[in-house]
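Inspection log for the structure reproduced underneath, given as structure tokens.
What follows draws every value from the coordinates through simple rules; no lab data is involved. All figures in this text were calculated on a predicted structure; none of them were measured in a lab. Cβ atoms come from the backbone with ideal geometry, glycine included; neighbour counts cover every protein chain shown.
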Amino acid sequence: MNTKGSNSPAVIGERAYSAHAVDRMQGRCVPPSAVENTIKTGNIYPTKPGTAGYYDATNNLRVIINTNTGDVVTVIPGAPTK
């Protein structure tokens, strides 16, 4: 987790978050529980190699994780674009 941000990378619960993800969550008022719910119950959608995207329609939230580590890379409001 070497992504730069105004926050430091963090471990919340048992999941690691990049600094970028923590910044985005803070700036977008997204709680860790919404991120975890998206990963656990959301629909998977294609993203860049090495990552996986999860979309939760209830919270209208996307979460991108690193497929090698499971770390949260970023958190984005709204549905995936095609």
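So, in the range 14-31, exactly how many residues are out of contact with any Lys or Arg (no Cβ under 8 Å at 6 or more places or on another chain) and surrounded by 15 or more Cβ atoms within 10 Å (Cβ to Cβ)?
The total comes to 9.
Restricted to the range 1-61, the set of strands (runs of 3 or more DSSP E) holding at least 3 residues that are in contact (Cβ under 8 Å) with a residue 12 or more places away in the chain comprises 15-17, 51-56. Within the set Val35, Val11, Val63, Val75, the sole residue that is surrounded by fewer than 17 Cβ atoms within 10 Å (Cβ to Cβ) and on the phi < 0 side of the Ramachandran plot turns out to be Val11. Residues being among the polar types (S, T, N, Q), under 10 Å from the mean Cα position of the chain (by Cα) and buried (at least 19 other Cβ atoms within 10 Å of the Cβ) are represented in the range 38-52 by at least one member.
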